[in-house]
Amino acid sequence: MTEPTPLIATPEHTVEGFVREYLRELNFAQGTILERASVNDHYLALARTVRHYLMARWITTTTEHYRRQPKAVAYLSAEYLLGRQLDNALVAADLEDIAAEALASLGIDLADLREAEVEPGLGNGGLGRLAACFIDSLATMSVPAIGYGIRYEYGIFRQTFVDGRQVEKPDEWLVGGAPWEFAHPEHEVTVGFGGHTERYVDGEGDDAVERTRWVPGWKVLGVPYNYMVPGYRNGRVNTLRLWSSRATHAFDLKIFNHGDYAEAVRSRTFAENISKVLYPEDSTPQGKELRLQQQYFFVACSLRDFINQLLPEDFDLHDLPERICFQLNDTHPVIAVPELMRILVDEEGFDWDEAWEVTRRCFAYTCHTLLPEALEVWPVDVLGRLLPRHLEIIYRINDEFLARVREHSGDDELLVRRMSIIAEHPARSVRMAHLATVAATKVNGVAELHSQLLRDKVLADFARFWPEKFTNVTNGVTPRRFVRLANPGLSGLITEAIGEGWVTDLDRLRDLEPLADDAEFRRRFREVKDANKHRLVDLLARRDGIEIDPGTMLDVMVKRLHEYKRQTLKILHVITLYDRIVSGEVAVEDLVPRTVVFGAKAAPGYVMAKEIIALINHVGAVVGAHPEVSKVLRVAFPANYNVTVAETLVPAADLSEQISLAGKEASGTGNMKFALNGALTIGTDDGANVEIRQLVGDDHFFLFGLTEPEAAAMQEAGYRPSSYYEKNRSLRRALDLVAHGEFSGGNRSTFEPVVSNLLGEDRFMVLADFQSYLDAQERVEAAYRDPDAWSRSAVLNVARSGFFSSDRSMRDYMDRIWHAEVLPPL
Ligand code: 26W
């Protein structure tokens, strides 16, 4: 290939250069002038200006990928919870100061323009945010990687509260204009659905072979939208390619020919619906057919795109495993496995075994859950109707796999039934986790404990069959967004102490350890925390009209609302504190003043989760209205918790609540963000909490609750939650208050479902862990009374959490799974 034509010069890296570029954008792209521009005009001009500074790096990086054809990574994920782009791009391009000064010289405040950006919320929670952290790290580490996903027109819903109850609003994130995306309709890809399969004979005489062809019943187009993924000051910019569905050009020729033009145009929305909306279920699949359409749609587009656009024309697909690893982010993209088989066998003429050998080596699978109800299954009638050829391929994969299982197990039919990709009950369906496990070169969990439980429980049969297949990669978070950008105060303090290398080499935080014993450093650390709390006060006042006192302990629980995460345990603690004050058991003077902050979206169809949200809001209202209690206890529940809110909330927190029932939270990543920002954790021995505690040390972590084996044994023996209610006075009083209508204006039926669920099944053992949690909270209080000891622990949390950088996660994936190359520095 010839050298690429050089790009027109990158704008000058000076205030003057920035101003010039900015005004050009305002004039020529926005079509306005300084005096008349709206905030949105300014924001769009700014975004495009910053983009220009990254363009040369982007083109250089992608050109080099194409020229060198290195072993690369394609991350397949139905979700990317990106958060705002502007701040991240400014930091990556080292433009923060220049931009702020340039704008100031025009009388504009950069902070106001930051606020104008609506974050792309194309994910539900942990899994989507993890994907966003990973692509950031890959870019920063110069790994040739591409993220593939879906450009949902509506991301995760906007949460509002009406009378304390969750009401969902559409997330119209694209309406103001989308300055970070590049549409490429000329690279559209056609995807088939439905129809039937046909056998035919290919070739003649001795060469004749029987082949299958899929004749789809209908087709849609996928249009790629590219996003820059800038590395942190390393001259590299990777690509995130999100697919948007469109009707094909011939889509409705028949209707057009019938003369019903308007009806024909209208019917195009059918195809366009595929990428319309992100499904808001986090962990309980609804089995909606459109969701399977989304999954196949983006995966088919991505494989086609990789093969046609990113490989040279003469590439021999037998060598595909030397060129790419497709990482399956949970089972959502696993339909890529039969799709690649179909391409190789039906379109490329591979024989089955050859195709399987290539396919098997191209995929790796990450599991993100332990809850059985979160494991995706698709009824074969749904899958067969939508993707008839893929179902045939899945059956054959299963037949060959089960033949091997029979061979190795001496026809253990019980084992065969357990391991089968096809479940027979309650309805015949495809177990996507089994398909992923059978196909993948490697299967990983997302924290040590989680990977262990996958091996010992969820996928135990498979782990015995293929022990080498199973590995762990503990999750991580990007220090760029969640420390450098979210916590400028702490970042400055760290850099002053140990230099700036930590931003891309987080293990260097270790060098802070001695400073935990330095009283002056601790004082400055507290100053930063204090300033961060004031930033949060401002945000909540502005955004939610919520007033909080920055002089109190900030006790924070933010994550999706799910029973296994146990927001109810937290609210029962709040109720207990309330009860003790109201009943005169404790004097307000004897309590450490706290503000308990919740942030949580419930899946719109998850009734119990929505009841728990209402309970939290109602308790918050009663607590806040009580003249005595509110002196030392407040509950703040800002609606619509998202990445943007996290960026202000996490740096302000004193106490991080990670209180899931042991054995249920695969990893957690919020837990890492809090520790890195100097909050202390109160938590169970679950997910990555285990590793956080091991690293920061028992003295700097408030552990409570059952361990996973204890919880499992107790369930085995027959768990009776009501026995805790009977034995434990505090618990009884707290539950009685709820049951008797203390938080529902005397109405006893309002929260009856929550109470009876806890007293009846209590699947996640809230009552069993209640006393242990109260005891741990007492230890928190005692520790918080000594600011010097507390901030020493907080500094040690920061210093010892470098392991939780997503850069380290990416290194682990590289070494254990991908074995991709790294591009040389620029
Ligand atoms: C609707 C189907 C469905 C099923 C599962 C949607 C989403 C899921 C995900 C697996 C849920 C999820 O986000 N899991 C979280 O992944 C994080 C990143 O690995 C972990 O830190 C969390 O512990 C895990 O709950």
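Of everything in segment 465-523 that's assigned to a loop (DSSP other than H, G, I, E, B), out of contact with any Phe, Trp or Tyr (no Cβ under 6 Å at 6 or more places or on another chain) and among the hydrophobic types (A, V, I, L, M, F, W, C), which residue is surrounded by the fewest Cβ atoms within 10 Å (Cβ to Cβ)? Top of the filtered list is Trp466.
The sole residue among Arg792, Arg800 that is over 29 Å from the mean Cα position of the chain (by Cα) and in contact (Cβ under 8 Å) with a residue 60 or more places away in the chain is Arg792. The numbered conditions (1) open to solvent by less than 10 Å² (accessible area, probe 1.4 Å); (2) part of a helix (DSSP H, G or I) are all true for Val596 except (2). Take segment 528-581 and flag every residue that is within 16 Å of the ligand (Cβ to nearest atom) and not acidic (Asp, Glu). Within segment 528-581, Met557, Val558, Lys559, Arg560, Leu561, His562, Tyr564, Lys565, Arg566, Gln567 meet the criteria. Filtered by the rule that a residue be open to solvent by 40 Å² or more (accessible area, probe 1.4 Å) and hydroxyl-bearing (Ser, Thr, Tyr), segment 421-445 gives a lone residue, Thr441. Please verify whether Thr49 is buried (at least 16 other Cβ atoms within 10 Å of the Cβ) and among the β-branched types (Val, Ile, Thr), treating the condition exactly as stated. The answer is yes for Thr49. Could you go through segment 169-190 and let me know if any residue there is over 21 Å from Val223 (Cβ atoms) and either open to solvent by 40 Å² or more (accessible area, probe 1.4 Å) or among the β-branched types (Val, Ile, Thr) (or both). Within segment 169-190, one or more residues are over 21 Å from Val223 (Cβ atoms) and either open to solvent by 40 Å² or more (accessible area, probe 1.4 Å) or among the β-branched types (Val, Ile, Thr) (or both). Within segment 106-156, the residues that satisfy the criterion of being away from the ligand (no atom under 14 Å from the Cβ), surrounded by fewer than 24 Cβ atoms within 10 Å (Cβ to Cβ) and closer than 28 Å to Pro285 by Cβ are Val118, Glu119, Glu153, Tyr154. Within segment 714-743, the residues that satisfy the criterion of being under 22 Å from Ile616 (Cβ atoms) and in a loop (DSSP other than H, G, I, E, B) are Asn728, His740, Gly741, Glu742, Phe743.
To keep it simple, each residue is scored yes or no on (1) polar (S, T, N, Q); (2) in contact (Cβ under 8 Å) with a residue 40 or more places away in the chain; (3) within 30 Å of Gly194 (Cβ to Cβ); (4) surrounded by 12 or more Cβ atoms within 10 Å (Cβ to Cβ).
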site: Pro388; (1), (2), (3), (4): no, yes, yes, yes
site: Phe401; (1), (2), (3), (4): no, no, yes, yes
site: Val405; (1), (2), (3), (4): no, yes, no, yes
site: Ser409; (1), (2), (3), (4): yes, no, no, yes
site: Glu413; (1), (2), (3), (4): no, no, no, no
site: Arg417; (1), (2), (3), (4): no, no, no, yes
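Can you confirm whether Gln286 is under 23 Å from the mean Cα position of the chain (by Cα) and at pLDDT 95 or above? Answer is no for this residue. Surrounded by 20 or more Cβ atoms within 10 Å (Cβ to Cβ), in contact (Cβ under 8 Å) with a residue 24 or more places away in the chain and under 25 Å from the mean Cα position of the chain (by Cα): is that true of Asp762 in this structure? No: the conditions fail for Asp762. With the structure loaded, tell me whether Asp549 is open to solvent by 20 Å² or more (accessible area, probe 1.4 Å), touching a Ser or Thr at 6+ places or on another chain (Cβ under 7 Å) and either in a loop (DSSP other than H, G, I, E, B) or without any contact (Cβ under 8 Å) to a residue 40 or more places away in the chain (or both) or whether it fails that test. The answer is yes for Asp549. Note on segment 407-456: residues that are touching a strand residue (DSSP E or B) at 6+ places or on another chain (Cβ under 8 Å) and assigned to a loop (DSSP other than H, G, I, E, B) amount to 9. Applying the condition of being of a type in the set (Asp, Glu), under 18 Å from His450 (Cβ atoms) and surrounded by fewer than 24 Cβ atoms within 10 Å (Cβ to Cβ) to segment 666-703 and asking which residue is nearest to the ligand (Cβ to nearest atom) yields Glu691. Just to be sure, is Val382 within 16 Å of the ligand (Cβ to nearest atom), in contact (Cβ under 8 Å) with a residue 60 or more places away in the chain and not in a loop (DSSP other than H, G, I, E, B)? Yes, satisfied. For segment 343-374, taking the residues that are assigned to a helix (DSSP H, G or I) and within 16 Å of the ligand (Cβ to nearest atom), the one that is least open to solvent (accessible area, probe 1.4 Å) is identified as Ala374. Within segment 58-73, does at least one residue satisfy the condition of being under 24 Å from Val643 (Cβ atoms) and surrounded by 16 or more Cβ atoms within 10 Å (Cβ to Cβ)? Yes, segment 58-73 has at least one match. Scan segment 208-231 for residues that are in a loop (DSSP other than H, G, I, E, B) and surrounded by 23 or more Cβ atoms within 10 Å (Cβ to Cβ) and the total you get is 1. For segment 108-160, taking the residues that are in contact with an Asp or Glu (Cβ under 7 Å, 6 or more places away or on another chain) and assigned to a helix (DSSP H, G or I), the one that is farthest from Ala614 (Cα to Cα) is identified as Thr140. Looking at (1) part of a loop (DSSP other than H, G, I, E, B); (2) within 16 Å of the ligand (Cβ to nearest atom); (3) hydrophobic (A, V, I, L, M, F, W, C); (4) touching a helix residue (DSSP H, G or I) at 6+ places or on another chain (Cβ under 6 Å), find the lone condition where Ala603 falls short. Here Ala603 meets the rest and fails (4). Of the candidates Arg720, Arg748, Arg733, Arg811, the single residue that is open to solvent by 30 Å² or more (accessible area, probe 1.4 Å) and either modelled with pLDDT under 95 or under 30 Å from Glu322 (Cα atoms) (or both) is Arg811. Considering each residue of segment 649-658 in turn, at least one proves to be more than 26 Å from Asn88 (Cα to Cα), within 16 Å of the ligand (Cβ to nearest atom), of a type outside the set (Asp, Glu) and buried (at least 24 other Cβ atoms within 10 Å of the Cβ).
The set of residues in segment 612-634 that are out of contact with any Lys or Arg (no Cβ under 9 Å at 6 or more places or on another chain), open to solvent by 30 Å² or more (accessible area, probe 1.4 Å) and outside any loop (DSSP other than H, G, I, E, B) comprises His618, Ala621, Val622, Ala625, Lys631. Take Gly489 and decide whether it is more than 30 Å from Ala712 (Cβ to Cβ) and modelled with pLDDT of 95 or more. So Gly489 passes the test. Residues being of a type outside the set (A, V, I, L, M), surrounded by fewer than 21 Cβ atoms within 10 Å (Cβ to Cβ), more than 10 Å from the ligand (Cβ to nearest atom) and not in a helix (DSSP H, G or I): count how many of those fall in segment 264-304. The qualifying residues number 3. One residue stands out among those in segment 305-337 that are more than 16 Å from the ligand (Cβ to nearest atom) and closer than 16 Å to Val377 by Cα: the one that is farthest from the chain's Cα centre (by Cα), which is Val337.
The values are calculated or read from the model by the stated rules, or taken from the named source; none is laboratory data. These figures come from a predicted structure and were not determined experimentally. Every residue, glycine as well, gets a Cβ built from its backbone with ideal geometry; the counts of neighbours run over all protein chains shown. Remember, those area values only see protein heavy atoms, side chains included, never the ligands or the DNA or RNA. Shrake-Rupley method; radii C 1.70, N 1.55, O 1.52, S 1.80 Å.
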